[in-house]
1. Please verify whether segment 51-61 includes one or more residues that are open to solvent by less than 40 Å² (accessible area, probe 1.4 Å) and modelled with pLDDT under 95.
2. I need the full set of residues from segment 62-80 which are in contact (Cβ under 8 Å) with a residue 24 or more places away in the chain, under 11 Å from the mean Cα position of the chain (by Cα) and open to solvent by 70 Å² or more (accessible area, probe 1.4 Å), in order please.
3. Please indicate, with yes or no, whether at least one residue in segment 3-20 is modelled with pLDDT of 95 or more and surrounded by fewer than 10 Cβ atoms within 10 Å (Cβ to Cβ).
Amino acid sequence: MFVRRLGPDPHANGVMTIALRGCPDIFELESGDFAIIGIDITETSARHLPPTAGCGPDERIVRIPRKTLVLAKRDIPDCI
């Protein structure tokens, strides 16, 4: 299911994240889609989405630190 992590391991070199076990992370799946581990902010943010965006009953809005996505940028494919 999980093919690879995008970006560095958040616990590399003994770094401790706030949650220690649960940390922000981005993974590429076998399907080519991506899975995100982050903080669920759906309840507090869904009502603030732009009119052309929506969050379905089976979806969640997840927040990850800017650093997580910026450091993963080099691993994100340029083409579909």
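1. No, that holds for no residue.
2. Hits for segment 62-80 are R63, L69.
3. Checking segment 3-20: at least one residue is modelled with pLDDT of 95 or more and surrounded by fewer than 10 Cβ atoms within 10 Å (Cβ to Cβ).
The values are calculated or read from the model by the stated rules, or taken from the named source; none is laboratory data. Note that the structure is predicted; figures quoted are calculated from it, not measured. When we count neighbours, we look across all protein chains shown, and the Cβ atoms used for this are built from the backbone with ideal geometry, even at glycine. Ligands, DNA and RNA are excluded from the accessible area calculation, which covers all protein heavy atoms including side chains. Shrake-Rupley method; radii C 1.70, N 1.55, O 1.52, S 1.80 Å.
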